[in-house]
Amino acid sequence: MPSMPETNLYEYATVRFVPDIEREEFLNIGVVMMCKRRRWLRCRFHIDSERILALWPDTDCTLLARQVESFEKIAAGDKSPIGLLEAHERFRWLTAVRSACISTSRPHPGHTEDLDKTFDYLFERLVK
């Protein structure tokens, strides 16, 4: 009997640019995804400056890009105290509720045979 393909339980969240917390308006600028069993964590961003400035002309897109870089470093496991945590702990820190210009949706679960393919699909669907 053929074996069933192995599936991976994952969680993902969209990363949002929220220029004014009180207005609760946002634009999806990235995705962060984690599989605890595989110790797998990945994030990707797309900052569409033209679109952001059309909606919020006073935005400092250079500053936003620097803030996103710190998010990416933590996800990649840099040498910071948070970056040294296990992948699932970094995911929880990155997706914690906060009042900041970069925030995330609530995490959503799923199953997949191919984490990278699913990540790429989610990024294209939710951000691009």
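Coordinate-derived values only; no laboratory data. Note that this is a predicted model, so its numbers are computed, not measured. Virtual Cβ from ideal backbone geometry, glycine too; neighbours counted across all protein chains shown.
Distance between the C-alpha centers of region 1-64 and region 75-128? Whole Å please.
7
Taking only Cα atoms, what is the 0 to 90° angle, nearest 10, from helix 61-76's long axis to the longest principal axis of the chain?
Roughly 20 degrees, rounded to the nearest 10.
Any lysines with Cα under 18 Å of the residue 36 Cα? List them, leaving off those in the same chain fewer than 8 positions away.
117
How compact is region 1-95 by the rule of thumb for globular proteins, expressed as Cα Rg over 2.2 N^0.38 Å? Don't skip to the answer; put the middle values down first.
On the way: Rg = 16.3 Å, N = 95, 2.2 N^0.38 = 12.4 Å.
For region 1-95, the normalised Cα radius of gyration comes out at 1.32.
What length, rounded to one decimal in nm, is gained on full extension from residue 55 through to residue 69, with 0.36 nm per residue of separation minus their alpha-carbon distance?
Details: separation 14, 0.36 × 14 = 5.04 nm, distance 2.23 nm.
Length difference between fully extended and current span is 2.8 nm.
Ignoring everything except DSSP H segments at least 4 long, calculate the 222 nm mean residue ellipticity for the chain; use -39,500 (n - 2.57) per segment, divide by total residues, nearest 500.
-10000 deg cm²/dmol
Once label points are set 7 Å from the Cα along Cα→Cβ at both residue 113 and residue 128, what is their separation, rounded to one decimal in nm?
Each label point is offset 7 Å from its Cα along the Cβ direction, giving 2.2 nm.
Pairing the Cα long axis of helix 115-126 with the longest principal axis of the chain, what angle in degrees results, from 0 to 90 and rounded to the nearest 10?
Taking the Cα atoms of the chain, the angle to 115-126 is about 30 degrees.
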